[in-house]
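The values are calculated or read from the model by the stated rules, or taken from the named source; none is laboratory data. Bear in mind that the values here come from a model prediction, so they are computed numbers and not experimental data. Virtual Cβ from ideal backbone geometry, glycine too; neighbours counted across all protein chains shown. Surface accessibility is based on the protein's heavy atoms, side chains included, excluding ligands, DNA and RNA. Shrake-Rupley method; radii C 1.70, N 1.55, O 1.52, S 1.80 Å.
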Amino acid sequence: MAAAAAATAPSRKTETYTDTKRRDDVRGANIAAARAVADAVRTSLGPRGMDKMISSGDQAQEVIITNDGATILSRMALLQPAARMLAELSRSQDAAAGDGTTTVVVLAGSLLRRAQSLLSAGAHPTAAADALHRLATRAVEILHAMAIPIELSDRESLVKSASTALNSKVVSQYSTLLSPLAVDAALSVVDPAHPDLLDLRDIRIVKKLGGTVDDTELVRGLIFDKKASHAAGGPSRVENAKIAVIQFQISPPKTDIEQSVIVSDYAQMDRILREERNYILGMVKKIKAAGCNVLLIQKSILRDAVTDLSLHYLAKAKILVVKDVERDEIEFITKTLNCLPIANIEHFRTDKLGYADVVEEISVGEGKVVKITGIRDMGRTATVLVRGSNQLVIDEAERSLHDALCVIRCLVNKRFLIAGGGAPEIEMSMQLAAWAKELRGMESYCIKEFAEALEVIPYTLAENAGLNPISIVTELRNRHARGEKNAGINVRKGQITNILEENVVQPLLVSTSAITLACECVRMILKIDDIVTVR
C-alpha cells in the first residue's frame, strides 16, 4: 500500500508544474509596448507640455505640429497590437469627452508599470484586473464627491473650462479670444427642447489662410469658402435675397449610356444648339419666376452642374450663383437657411426658398468668400471663420477649437465642474490608499499600488513645467492631507495654490471617462496571456 502511494507521489508533483514563461513573456512584451507609447506622448501633457512635429514619409510630405494626444497617436504607425490598443484608448476618450486624450494614455501607462511590478511580485493577473475594476468604481465616486454643479446660464464658468482646455495647446496665447467664441457658438446651437444635447455637427468651421488667429470670428449666418461665379458678369451682392439650394444640373441633358450622336449637316447642328439654348432658358425662366435671386448649386459628378451658357442666362436674370457646393454640406445649409433642397426643376416653388437680408462676396486674406447674413427664421447652427498666418497654425487652431467645443458639450451633458492641475488625481490617490488599508489580502496590496500610479499626472505636470516633481508632489500630498481638496499645481507661478481660484477647471466627464477607460484598457492588456497569429 505504502509502495503504491510512493509511486504516485512523484507523478502528481510533475502534473502540477506548468511552464508560465511564455505567458509572462507575452504579457511583458504587451506592457512594454503600451508603456513605450505612453512615454512618447507623456512630455506633451499639460499647459507647459512640448509639441510634436508629425511628418508623413510619403510623397506628400505632410507636416502637423500638435500636442493633442489623439492626433499624435492616430498618426503613429503602430505595429504591436497592445500599442495599438492605447491609440484606440485615446480615440475613445476623444469620442466620449473630447479632451484629456493625453491624460488617459499617461494614466494607462502608469497603471501598467505598477501592474508589472505586482506581477513580478507574484500577484495573479486576474486578481490585479479585479482590483482595478473596484478601484475605477471607487475613483468615480470620489470625483463625484469633489464636483461642483453649474448651470448653462453661468457663462463665466463655461469660458473658464474652455480656456483650461485651450491653455495646453499651441494656440494657448489666443485662449482669451477662442474660449468665449467657442462658448457662444455652442450655446447658440443648444435646443431649449433638448437642453442636455449638443450636436457639434451644427457648428461649422471654415478655414481661410491670411491674417492671424486674432481675426477668427463667429458668424451668425453662412460662409462659403468659394467665390460667386462671375463667368458671365453676374452680381456679387444681393439684398433681400431669396435663396434656393438645388441638387439638379442647369446644363443640357446627356444620354444615359455612353453613346455618340453623329451630326451630318449644319442645319442639324444649329437645331441641337437651339434646343440646348431653349432648354436652359426655360429652366432659368422657371427659377426667375419663383422670385429666386441667389442660387446654391450642388456639385455634380455625372455632368457639369452649370455651363457657360447657363451662367450667362443666370447673370442676365441678375441671379447670384455659388456652384460646387459639397453634397455633405447640403444638410447644414438647408438647416441654417430654413429651406428645402430642390431636386428637380418641376419642384421649384417659392415655399422651398430661404430668405436673408444680404448675400455678398467679400475679400478675406488672399481669396474671397460668399457671406450670407440676416437669415430669416435661422436654424440653430453657427459658423466659425478661422484665420491664420499659415496652414499649420490654422489646422491646429481648428483642432483646439474642436477640443474647447467638446469640453462645453461635456458640460451640457453632465453639468459638473472639477478642479484641474492634478488636484483630483492626488485626492483620488490619497483616498484610495486609505481605502486599501480597510481591505484585506491581495486586493488591498493591488489597490495600494494602483492608487500610487495616479500620482503620475501631477508628477508629469510638474516635470513638464520644469519644476522639481518630487518636492511638488510631496507638498501637494501634504496640502491634501490637511483637507485642501482643491490644491493643485499652478504651473505659471511654479507653486501649489488653490486651483479653483486660478480658474483652472475641467468638466467632471473628462476625469471620470479618463479613469474608467484607462482602467478598462489596462485590465484587457493584463488578461491577455498569448498572441495567436492567423493567416
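As a length-normalised measure over Cα pairs under 8 Å and 6 or more apart, the relative contact order of region 221-377 settles at 41 percent.
If the chain between Val358 and Ser153 were fully stretched, how many nm would it gain, using 0.36 nm times the residue separation less the Cα-Cα distance? Walk me through the intermediate numbers first.
Working: separation 205, 0.36 × 205 = 73.80 nm, distance 3.14 nm.
Gain on extension, Val358 to Ser153, equals 70.7 nm.
Among the GluC sites (Glu not before Pro) in region 233-295, those placed in a DSSP loop whose Cβ has at most 13 other Cβ atoms within 10 Å are Glu258.
How much net charge surrounds Ala83 when only other residues with a Cβ under 12 Å from its Cβ are counted (Lys, Arg +1; Asp, Glu -1)? That works out to 0.
Roughly how big is region 74-190's charge dipole about its Cα centre, with Cβ charges of +1 (Lys, Arg) and -1 (Asp, Glu), in debye to the nearest 20? Walk me through the intermediate numbers first.
On the way: 10 positive and 9 negative charges, 104 e Å.
So the dipole magnitude of region 74-190 works out to roughly 500 debye.
Just to be sure I understand: if I project the alpha-carbon convex hull of region 388-530 onto a plane and average over all orientations, what area do I get in nm²? Let's see the in-between values first.
Details: hull surface 49.6 nm².
If I average the Cα hull's projected area over directions, I get 12.4 nm².
Surface listing: Glu452, Glu361 arranged by accessible area from highest to lowest gives Glu452, Glu361, probe 1.4 Å.
Can you compute the helix-only [θ] at 222 nm over the chain? Use -39500 (n - 2.57) per DSSP H run of at least 4 residues, normalise by all residues, nearest 500 deg cm²/dmol. The partial results should precede the final answer.
Working: 17 runs with 264 residues, N = 535.
Helix-only estimate at 222 nm: -16500 deg cm²/dmol.
Over region 200-263, consider all pairs of different Cα atoms and compute the Kirkwood hydrodynamic radius from their mean reciprocal separation; express it in Å, one decimal. Working shown, then result.
Numbers: mean 1/r = 0.0586 Å⁻¹.
Taking every pair of different Cα atoms in region 200-263, averaging 1/r and inverting gives 17.1 Å.
On a per residue basis, the chain carries 49 Å² of accessible surface, using protein heavy atoms and a 1.4 Å probe. In this Cβ point-charge picture (+1 for Lys and Arg, -1 for Asp and Glu), the chain has a dipole of about 280 debye about its Cα centre.
Net charge near Gly233: determine it from the other residues with C-beta under 11 Å of the C-beta of Gly233, scoring Lys and Arg +1 and Asp and Glu -1.
Working: positive: Lys316, Lys318; negative: none.
Overall, the nearby charge balance is +2.
Distance between the 7 Å Cα→Cβ label points at Asp328 and Val63: 2.7 nm. Each of Ile470, Ile525, Leu500 was scored by the projection of its Cα onto the charge dipole of region 412-535, and the greatest displacement toward the positive side belongs to Leu500; charges sit on the C-beta of Lys, Arg, Asp and Glu.
Per-atom-type breakdown for region 221-377 gives carbon and sulfur 47% of the accessible area (1.4 Å probe, protein chains only).
Compare Met442, Met283 by solvent-accessible area with a 1.4 Å probe and give them largest first, with all protein chains kept in place.
On the way: Met442 85, Met283 15 Å².
Ranking Met442, Met283 by accessible area, largest first, yields Met442, Met283.
Sum up the charges of everything whose Cβ sits under 15 Å from the Cβ of Ser264, counting Lys and Arg as +1 and Asp and Glu as -1, but leave Ser264 out. Net of charged neighbours comes to -1. Labels on offer are (1) 43.6; (2) 58.4; (3) 37.2, and the one holding mean projected area of the Cα convex hull in nm² computed from this structure is (3).
Pulled fully out, how much extra length does the chain show between Ser389 and Lys316, if you take 0.36 nm times their separation in residues and subtract their Cα-Cα distance? List each step's numbers first, then the result.
On the way: separation 73, 0.36 × 73 = 26.28 nm, distance 3.87 nm.
In short, 22.4 nm is gained.
Mind checking Rg over Rh on region 221-377, alpha carbons, Kirkwood formula for Rh? Mind dumping the intermediate values first?
Values: Rg = 16.5 Å, Rh = 16.4 Å.
For region 221-377, the value is 1.00.
Legend: P(r) of region 225-304 from all alpha carbon pair distances, 10 Å bins from 0, whole percents, reading 13, 38, 31, 15, 3. In loop segments of region 278-355 as defined by DSSP, there are no chymotrypsin sites (Phe, Trp or Tyr not before Pro) with at most 10 further C-beta atoms inside 10 Å of their C-beta.
Counting only DSSP beta bridges with both residues in region 221-377, what percent are antiparallel, rounded to the nearest 5? Counting DSSP beta bridges with both partners in region 221-377, the antiparallel share is about 60 percent. Of all lysines in the structure, the ones whose alpha carbon falls short of 23 Å from that of Lys285, not counting any fewer than 8 places away in one chain, are Lys242, Lys254, Lys299, Lys316, Lys318, Lys323, Lys352.
Over all pairs of distinct alpha carbons, what does the Kirkwood formula give as the hydrodynamic radius of region 302-449, in Å?
On the way: mean 1/r = 0.0465 Å⁻¹.
Across region 302-449, the inverse of the average 1/r is 21.5 Å.
Taken about its Cα centre, region 221-377 carries a charge dipole of about 500 debye when Lys and Arg each add +1 at the Cβ and Asp and Glu each add -1 at the Cβ.
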